[in-house]
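What follows is a set of notes on a single structure, which appears directly below.
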Amino acid sequence: MQHGPAVRRRKLGAELRALRTGAGLTSGEAARLVGWHQSKVSRIETGASGVKPTDVRLLLDAYSVHDPQLREFLMVLAGSHEGGGRHHWWHAYRGVLPPTYRDFISLESQASAMRTLETSVVPGLLQTPEYARAVTRAAVDGLDEEKLDALVEVRLARQHVLRSDPPLELSAVLDEAVLRREVGGPDIMARQLARLVEAGRLPQVRLQVLPFTAGAHIGITGPFVIFSFSRTSDLDVVVLDHLTSSLYLERKEDLQAYTEAFDALRIHALSPEDSMDYIAAIGGGA
């Protein structure tokens with residue numbers, strides 16, 4: 001069984017390998033200290049398999065790691081007490097969710113903040129059921145009704161992070177094309193735009209519109225998501241979606257580049273207040 005998203009497993013494995021090396025131990029010696037086979041240590045260090053929080057404690061004790069902040073950081077990577085009490089509800093949908101989508105949901109459920117640029121569709125956390133169904137049907141060709149229903153259920157269940165305690169803080173910049181693209185027909189689109197105005201007034205949500213009049217901007221290369229975590233910025237990650245997969249960027253240089261890009265987009269976008277008026281005006285004509 002693999003515990004947690006792949007991006008976390010790789011980061012945790014690298015940290016544990018560095019600590020083992022620093023303790024002057026081979027993987028075989030480390031395995032003997034905790035009563036495992038050497039292959040288990042190797043799988044953990046390469047991110048090929050996950051590791052339970054109890055197993056991380058065993059390794060940290062074996063490596064004589066006593067720094068409380070470092071131990072807490074590694075326990076967070078292993079999935080201990082993550083997400084402010086948000087449960088791993090998506091496990092019930094493992095049969096219909098590809099691994100990359102499960103990784104995305106796991107990060108989303110555990111993050112404290114999410115920054116996103118959307119250039120084509122309304123962010124999943126703010127979609128109405130009808131809009132979510134229309135988008136899912138268009139994005140995944142040939143779905144039977146049962147699988148379509150399940151994927152829409154997942155999309156709507158993800159939205160609970162905005163109502164959890166503490167809630168996820170969502171900051172989204174929407175290209176005007178998101179608002180103009182008629183998904184599901186005029187009635188569905190009108191209700192979706194009304195939902196955006198309603199969501200934009202929530203204290204944990206910040207919506208800004210990037211109007212067509214802004215011209216070319218740094219976001220024209222495509223949408224992206226930045227997940228941030230309250231315990232440590234070392235967990236922050238950028239997610240880029242492709243047609244058949246997702247790319248996770250963990251390097252500090254990538255995080256800095258996308259953070260700067262998002263900040264630039266916010267400067268060029270309408271203010272949250274003006275954005276709500278803009279969305280409402282478009283919705284009135286939808």
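The values are calculated or read from the model by the stated rules, or taken from the named source; none is laboratory data. Not measured: the values here are computed from a predicted model. Here the Cβ is made from the backbone with ideal geometry for all residues, glycine too, and neighbour counts use every protein chain on show. With ligands, DNA and RNA removed, areas are computed over all heavy atoms of the protein, side chains included. Shrake-Rupley method; radii C 1.70, N 1.55, O 1.52, S 1.80 Å.
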Exercise. At a probe size of 1.4 Å, how large is the accessible area of Ile220, to the nearest 10 Å²?
Worked result: 120 Å²
For this session: Mind grabbing the accessible area of Glu72 for me, 1.4 Å probe, Å², rounded to tens?
Result: 100 Å²
Exercise. How would Ile218, Ile226 rank on accessible area, largest to smallest, probe 1.4 Å?
Worked result: Ile218, Ile226
For this session: With springs connecting C-alpha atoms under 10 Å apart, model the chain as a Gaussian network and identify which of Ala138, Ala199, Ala216 has the largest mean-square fluctuation.
Result: Ala216
For this session: Run the quick spin-label model on Glu153 and His217: label points 7 Å from Cα toward the beta carbon, then report their separation in nm to one decimal.
Result: 3.7 nm
Exercise. Measuring from label point to label point, each 7 Å out along Cα→Cβ, what is the Val34 to Arg94 span in nm?
Worked result: 2.2 nm
Exercise. Between Ser164 and His66, how many nm apart are label points set 7 Å from Cα along the C-beta direction?
Worked result: 3.4 nm
Seminar exercise, completed: Hits in region 186-220: amide N under 19 Å from the 7 Å Cα→Cβ extension of Ala257, namely 217-220
Seminar exercise, completed: Filtered hits (lysines, Cα-Cα < 22 Å from Lys52, offset >= 8 within chain) -> Lys11, Lys40
Problem set entry | Volume per residue of the C-alpha convex hull in the chain, rounded to whole Å³ | 133 Å³
Seminar exercise, completed: Expressed in square angstrom to the nearest 10, the accessible area of Tyr278 with a 1.4 Å probe stands at 70 Å²
Seminar exercise, completed: Expected vector for region 14-20, Karplus 3J(HN,Hα) from phi with 6.51, -1.76, 1.60 and θ = phi - 60°, integer Hz, x for Gly and Pro, equals 5, 5, 5, 5, 5, 5, 4
Seminar exercise, completed: In this structure, the FRET efficiency calculated for Glu146 and Tyr101 from their beta-carbon separation, with R0 = 22 Å, to the nearest 0.05, is 0.80
For this session: Measure nothing but the geometry: give the 0 to 90° angle between the long axis through the Cα atoms of 252-268 and the longest principal axis through the Cα atoms of the chain, rounded to 10°.
Result: 20 degrees
